[in-house]
Each structure stands twice: as structure tokens, then as C-alpha cells.
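Below is one structure, written out as C-alpha cells; comments come after it.
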Amino acid sequence: MQVSRSLFDEVMVPNYAPSKIIPVKGQGSRVWDQNGTEFIDFAGGIAVNCLGHCHPALVGALKDQADKIWHLSNVMTNEPALLLAKALVDATFAEKVYFANSGAEANEAALKLARRYAKDKYGEQKDQIISFKQGFHGRTFFTVTVGGQSAYSDGFGPKPEAIVHAEFNNLASLKAIINDNTCAVMVEPIQGEGGVLAATAEFIKGVRELCDAHNALLIFDEVQTGVGRTGDLYAYMGYGVTPDILTTAKALGGGFPIGAMLTTTDIAKHLVVGTHGSTYGGNPLACAVGLAAVNTVNTPEVLNGVKAKAQLFRDGLEKINAKHNVFAEVRCYGLLIGAVLKPEYSGKARDFMVAAADQGLMALVAGTSVVRFAPSLVIPDADIVEGLARFETAVANVVKG
Ligand SMILES: Cc1ncc(COP(=O)(O)O)c(C=O)c1O
């Protein structure tokens with residue numbers, strides 16, 4: 001059967017508007033579509049393909065596990081899940097791990113755990129969750145309500161309650177809301193979907209202190225920033241501020257669906273048998289790939305490489321800007337990169353993304369005025385140079401109009 005973009009409109013729910021390009025093959029940071037047209041991938045499946053496409057360590061782990069056992073349910077545990085949990089515990093602040101299938105599910109678990117912990121320890125009244133405007137935490141009804149854009153949660157009937165939003169990077173705004181009935185503060189150390197904007201070190205430190213003062217749990221949503229994206233295994237390590245709960249997904253599976261919630265023994269013990277669960281959480285295939293991803297990324301070569309490659313991106317984008325004058329600011333937090341458009345191009349990030357695709361470059365947007373890149377953490381330098389050359393042509397085309 002001939003598969004074309006029009007089949008999408010015929011058979012798929014219309015909640016996405018995908019590009020007309022249908023990729024069929026990927027290798028490293030290159031992707032080919034049905035017609036054999038080649039693209040350089042600066043998108044990484046939205047910060048997912050941390051080792052590019054078909055990395056041998058991930059392919060090997062998947063194939064190896066595929067010949068052993070695929071699924072068991074949580075009635076029995078399995079070796080890959082325990083090995084991945086052990087690797088995450090060894091590499092982070094965490095003492096306990098819960099596996100899910102996505103970022104939203106990891107966050108859902110974190111929020112439910114925070115509510116349960118507070119109820120058990122302090123009583124029913126301690127149920128308030130604080131998060132931040134422009135934050136993004138997923139699309140389940142709980143997580144999308146905690147997210148900081150009400151447009152995403154409006155129109156679905158009554159919302160989960162006791163959720164309030166403070167201003168990101170504004171400690172006074174949090175201070176005005178937080179109180180002894182706050183059970184948790186959920187924050188992305190770097191807002192990804194909200195425009196690639198990092199929390200200041202002072203803000204993150206202040207949030208930690210306010211949580212401690214009110215016995216509220218601090219939840220870091222590292223779904224986008226985790227697994228090496230910033231040049232640290234997790235962004236919290238760069239800030240030197242430790243959360244009580246951390247969620248990770250996207251790059252954790254390098255393209256295979258998996259999410260995880262990490263926490264301490266003292267907090268984890270409140271999710272007793274029967275309180276939460278997931279059929280596929282801890283699936284052996286996902287965990288085998290996840291273990292290979294974590295082991296490959298958590299090395300000095302890869303993590304230091306992220307910092308060096310980030311500099312290449314920054315220099316290249318500044319050079320493009322010196323010529324075409326389109327960006328107000330270039331933000332590089334490791335390989336989470338946001339080029340903020342100048343007011344005269346405000347709202348036009350999509351135009352840049354489409355123009356990039358026309359030049360054989362896969363890019364992303366974050367909101368309507370930031371062009372975002374989240375490439376493979378091991379993208380060859382030559383692909384960065386060539387991808388940026390393609391991007392420069394795309395920028396020139398947008399500027400020409
Ligand atoms: C910070 C953050 N949290 C949560 C999510 C949701 O993850 P998922 O789409 O895997 O449910 C995302 C996805 O973009 C994200 O960037």
C-alpha cells in the first residue's frame with residue numbers, strides 16, 4: 001500500500017498537524033524520507049533521540065532483549081528494570097525508582113505521590129500544588145492542569161483542584177502563594193516547551209528553601225533536561241540543588257517509550273502496594289534500552305562533548321545572527337538550544353522551522369517566537385557545521401520573505 005501524508009487526514013485523529021515529510025530511515029544525525037531526501041536532525045524527536053538514530057548500543061540492547069523476554073506485567077519483576085533502577089539510583093540522589101511509559105505518566109506519579117505523602121504525614125488539608133506559568137508537564141488531565149498554560153487544559157470539564165501557578169524566575173511570586181498547605185512545588189529547571197528558558201541559580205535555590213520552610217516537596221520535571229541534555233546527567237546536578245522527586249523520560253529511552261520517577265526511600269514508602277501502577281511500567285524492552293542509553297550517556301566523553309558541541313552551536317548561531325540580525329538572544333543550555341526571535345519576527349518561529357526543512361534540516365519551535373534545537377548528544381561536529389549552513393540559507397530565505 002502506498003503510504004502518503006493524505007492517509008494521515010483519512011485515518012488519524014486530527015490533534016496533530018504533521019509535516020508532509022514522512023521519514024523512513026535514520027542513522028546517527030541523518031534522516032531520509034520516502035523519496036530518499038536526506039535531512040540533518042537538529043530536532044532529535046523533541047529531545048528524545050539522545051544518541052541519534054539507530055545507535056549501535058541501543059539497537060544491540062533492544063535486539064538482545066527481544067530474543068529473551070518482552071513483557072511480564074508487574075506481577076513479576078524483571079532483570080532489565082532492576083538493572084536500570086540500580087543504575088539511576090547509583091547515578092543520582094535517588095534511592096527508589098518508579099517506571100512509567102512517558103513524561104506525563106512520570107509526572108502523574110510524582111504528583112500523586114506528593115499528595116499522598118502530604119496527606120499521610122500532615123493531613124488532608126495539605127494538598128496545594130504550585131507550578132509555574134509557561135511550564136509544561138504533559139497532557140494527562142492532572143499534568144496539563146499543573147502546566148502553566150490554561151489553554152491546554154480548558155474545555156475538558158472540571159479540572160483537578162488545588163493547583164496554582166506562580167511566575168517563573170520570580171521568587172516573590174512563589175513566596176506570596178506558598179503556605180503550610182502546599183504539598184509540592186513542581187518546576188522544570190529549564191522550561192523547554194515554554195521557550196527554552198533556564199531558572200536562575202538563585203531562583204532554584206530560593207524555591208528549595210521555600211519548600212523546606214513549608215514542608216513542601218520539590219519536584220523537578222527533568223523530562224526534557226534529563227539524561228545528559230545539559231551536559232550534566234541531570235540539570236539539578238549543575239544547579240547543585242537536589243529535589244525530593246525527579247521525573248525523567250524522553251532521552252531515557254533514546255527513542256523507546258519509557259519514563260521514570262526518582263525519589264527517596266522516605267517519600268517512596270507512601271506509595272504502598274495498590275496505590276499506583278501501570279501495565280507497561282518497567283517493561284523489559286524499554287528498560288534494556290534505557291540502561292544502554294544511561295550507560296552510554298553517563299560518561300565524561302559524552303557529557304563533556306555536549307558542552308563542546310553547545311559552543312559550536314552558539315558560535316554558529318551568533319555568526320548567522322551577525323549576518324541576518326534575526327535573534328534577540330541565543331540560549332544554549334548544553335544541547336537544549338533556543339534562538340529567540342527579534343520582535344520583528346515575533347510569532348514566526350514556525351516559518352523558520354518550515355524554511356529549515358526545505359533546506360534539509362529538521363528543527364523545532366518552542367512557543368511561537370523561539371526556534372529550538374535538541375539534537376543528538378553525540379552529533380558529529382561536521383553535521384553541526386553542515387546543519388548550521390543549511391539553517392543559514394533557511395534564515396536568509398525567511399528574511400527575504
Ligand atoms: C518538561 C516536560 N515534562 C513533561 C512532558 C511530557 O512528556 P510526554 O510527552 O512523554 O508525556 C514534556 C514533553 O514535552 C516536557 O517537555
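The values are calculated or read from the model by the stated rules, or taken from the named source; none is laboratory data. Just so we're clear, the structure is a prediction, and the values are computed from it rather than from any experiment. Note that each Cβ is placed from the backbone with ideal geometry, even for glycine, and that neighbours are counted across all protein chains shown. Protein only, heavy atoms only, side chains kept; ligands, DNA and RNA dropped before computing areas. Shrake-Rupley method; radii C 1.70, N 1.55, O 1.52, S 1.80 Å.
Output the helices (runs of 4 or more DSSP H) that fall wholly within region 52-129 and possess 3 or more residues being closer than 14 Å to residue 260 by Cβ and open to solvent by less than 80 Å² (accessible area, probe 1.4 Å), or say none.
Numbers: elements: 56-66, 79-91, 103-122.
Helices (runs of 4 or more DSSP H) meeting the threshold: 79-91, 103-122.
Taking region 160-200, which residues are of a type in the set (Gly, Ala, Ser) and either open to solvent by less than 30 Å² (accessible area, probe 1.4 Å) or touching a residue at least 40 places away in the same chain (Cβ under 8 Å) (or both)? Walk me through it before giving the result.
Taking region 160-200 as the starting set, the residues that turn out to be of a type in the set (Gly, Ala, Ser) are 162, 166, 172-173, 176, 184, 192, 194-195, 198-199.
Selection gives 166, 173, 184, 192, 194, 195, 198, 199.
One line per residue, one yes/no per condition, for (1) surrounded by fewer than 19 Cβ atoms within 10 Å (Cβ to Cβ); (2) free of Cβ contacts under 8 Å to residues at least 40 places away in the same chain:
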site	(1), (2)
254	no, no
261	no, no
265	yes, no
269	yes, yes
274	yes, yes
290	no, no
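Being of a type in the set (Val, Ile, Thr), touching a helix residue (DSSP H, G or I) at 6+ places or on another chain (Cβ under 9 Å) and over 22 Å from residue 279 (Cβ atoms) narrows it down to one of 130, 69, so name that one.
Numbers: 69 fails: over 22 Å from residue 279 (Cβ atoms).
Of the residues listed, the single one that is of a type in the set (Val, Ile, Thr), touching a helix residue (DSSP H, G or I) at 6+ places or on another chain (Cβ under 9 Å) and over 22 Å from residue 279 (Cβ atoms) is 130.
Any residue in region 360-372 that is farther than 30 Å from residue 239 by Cα, open to solvent by less than 60 Å² (accessible area, probe 1.4 Å) and of a type in the set (Gly, Ala, Ser)?
Checked region 360-372: at least one residue is farther than 30 Å from residue 239 by Cα, open to solvent by less than 60 Å² (accessible area, probe 1.4 Å) and of a type in the set (Gly, Ala, Ser).
For region 292-308, give me each residue that is open to solvent by 30 Å² or more (accessible area, probe 1.4 Å) and either outside any loop (DSSP other than H, G, I, E, B) or touching a strand residue (DSSP E or B) at 6+ places or on another chain (Cβ under 9 Å) (or both).
295, 296, 300, 301, 304, 307, 308
Can you tell which of 344, 329 is open to solvent by 30 Å² or more (accessible area, probe 1.4 Å) and either in a strand (DSSP E or B) or touching a residue at least 60 places away in the same chain (Cβ under 8 Å) (or both)? It would help to see each step written out before you state the result.
On the way: 344 fails: either in a strand (DSSP E or B) or touching a residue at least 60 places away in the same chain (Cβ under 8 Å) (or both).
Only one candidate passes the filter, namely 329.
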